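Everything below concerns the one structure shown next.
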Amino acid sequence: MKNTKQKILVVGGAGYIGSHMVRQLVNARYDVVILDNLSTGRRRLVQGDDFVQGDLGDPALLSRLFGTHIFDAVMHFAAFSQVGESMNQPLEYYRNNLAETIFLLDAMMRHGVRRFIFSSTAAVYGEPMAIPITEEHPCMPTNPYGNTKLAVERMLVDCDAAHGLKFTALRYFNAAGADECGEIGEMHDPETHLIPIILKAASGQIDHIRVFGTDYPTADGTCIRDYVHVNDLAQAHLLALDALLAGGESNVYNLGSSNGFSVKEVIGKVEAITGKRLPVVDASRRPGDPAILIASSEKIKQELGWNPVYNDLETIIRTAWDWHLKQ
Ligand code: UFG
């Protein structure tokens, strides 16, 4: 526990991952200000007291915010994050994920804030040449979503060189699960992510699950992903924040469990946990999806001592299911 409270701006703190982050920051006794335009975030997921509803595209709001508070660091979770949607609406992704981040960084530079934690993604790698994927793997995104996140990472490197911005880019693999408090969890509308969709089928809210592609070069023909618990992601941000606040250099880290599960395996696991047989329909591939994404997270374990504690698919699904049943 710290003696003096440091102040963190959490952009996108009313979203799924952002709300889990705010909860951990408050528990770790940070002073937290949340900025969220509630385009995909939810008021009921806000965990802190200091909430500002607004948009990064509003220069007056940013000037007011940075003029009122002295932030020790900024964490940026606000982004569109659906691979499939990004294929159909690339400009929306470039506007929201890239252009709006320029406004945020510009406000930070003008107000002397030089520490930044960025929600990046495994989608920056594209189709992997080797598994597990390390941070040295070439970045060749296969979709506009990954392109926008990579563009921000490159902008951060340039801001470090020009302005001394110290940043940590955390490349998430597939975030899933929920905190046990029952107050926060995944609630997208429309829902596109695999685990919540399977849970919707298990609770009868939808009548079948579509499996996007059964002809991938994997054992059962379906895509393999690395599912990582949202609280473990948040814990990694706290470690990255501590490192930056202690004077650490800019860095990039993968965040995954280092285990891969196919779409069919995840469905099977949910069936085992819920005791329900789920109707599945084979569908065509979803454009932009790489076949396999599995992380090596050794770098952050070694350098920052990241120690994920929800590191198995069963716990991830159980916490997501508990949250789902409370809705
Ligand atoms: N899938 C289905 N049916 C569905 C939904 C998903 O078969 O109804 C499949 C997808 O095709 C994919 C897998 O389940 O193969 C996982 O899909 P998600 O939509 O849950 O997640 P993605 O892997 O597409 O993307 C997620 C985040 C991204 C992040 C990526 C990193 O949404 O922001 O993980 O691995 F970049």
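The values are calculated or read from the model by the stated rules, or taken from the named source; none is laboratory data. Since we're looking at a predicted model, the values are computed, not measured. Neighbour counts run over all protein chains shown; Cβ positions are idealised from the backbone, glycine included. In case anyone asks, the SASA skips ligands and DNA or RNA and just uses the protein heavy atoms, side chains included. Shrake-Rupley method; radii C 1.70, N 1.55, O 1.52, S 1.80 Å.
Tabulated data for the structure shown
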item	result
Accessible surface of segment 102-198 [probe 1.4 Å, protein heavy atoms]: carbon and sulfur percent	55
Under 20 Å from the Cα of K276 - aspartates and glutamates, other chains or at least 8 residues apart	D207, E265, E314, D322
Of K149/K299; K200/K299; K5/K166; K5/K301; K5/K149; K149/K301, pairs whose Cα-Cα distance is over 28 Å	K200/K299; K5/K149
Mean ellipticity per residue at 222 nm, deg cm²/dmol - from DSSP H runs of n ≥ 4 across the chain, formula -39500 (n - 2.57)	-11000 deg cm²/dmol
Neighbourhood net charge (13 Å Cβ-Cβ; Lys/Arg +1, Asp/Glu -1) for I273	-1
R0 of 25 Å, Cβ-Cβ distance D312-R285: FRET efficiency to nearest 0.05	0.35
Linear extension gain, I206 paired with M140, 0.36 nm per residue minus alpha-carbon span	20.3 nm
In order through segment 204-209: 3J(HN,Hα) via Karplus (6.51 cos²θ - 1.76 cosθ + 1.60), integer Hz, x for Gly, Pro	x, 6, 10, 9, 7, 10
Spatially proximal aspartates and glutamates relative to K326 (Cα-Cα < 14 Å; intrachain offsets below 8 disregarded)	D179, E180, E183, E186
Segment 1-142 - Rg (one decimal) and Dmax (whole number), Cα, Å	16.2, 49
Computed accessible area, L325, all protein chains, 1.4 angstrom probe, square angstrom	100
Long-range HN-HN contacts of I209 with modeled amide H, under 5 Å	V280, V281
At R0 = 30 Å, FRET efficiency that the Cβ-Cβ distance of E271 and V26 yields, to 0.05	0.25
Amide H contacts under 5 Å for A175, placed H, 5+ residues apart	V228
Apportionment of accessible area to carbon and sulfur, segment 208-312, percent (1.4 Å)	49
Cα-based Rg of the chain normalised by 2.2 N^0.38 Å, two decimals	0.96
Ellipsoid semi-axes in whole angstrom, largest first, where each is sqrt(5λ) of the Cα gyration tensor of segment 198-327	32, 19, 11
Interchain or long-range residues, amide H under 5 Å from I133's placed H	I294, A295, S296
Helix axis angle, 59-68 relative to the chain longest principal axis, alpha carbon, degrees	60
Estimated distance in nm for a label pair at D106 and I70, the labels positioned 7 Å out from Cα along Cα-to-Cβ	2.6
Pair E127, A162: separation of 7 Å Cα→Cβ label points (nm)	3.5
Local net charge near P141, Cβ-Cβ under 13 Å (Lys/Arg +1, Asp/Glu -1)	0
Vicinal HN-Hα couplings computed from phi for segment 283-295 (Karplus, 6.51 cos²θ - 1.76 cosθ + 1.60; Hz; Gly/Pro x)	10, 6, 4, 8, x, x, 7, x, 5, 9, 9, 9, 8
Per DSSP, loop GluC sites (Glu not before Pro) in segment 107-179 with at most 12 further Cβ within 10 Å	E136
Solvent-accessible surface (1.4 angstrom probe) belonging to Y125, in square angstrom, nearest 10	0
Accessible surface, 1.4 Å probe, highest first, among residues R114, R277, R210	R277, R210, R114
For the chain, accessible area per residue (1.4 Å probe, heavy atoms of protein chains only), Å²	42
Environment charge at V11 (Cβ cut-off 12 Å; Lys +1, Arg +1, Asp -1, Glu -1)	-3
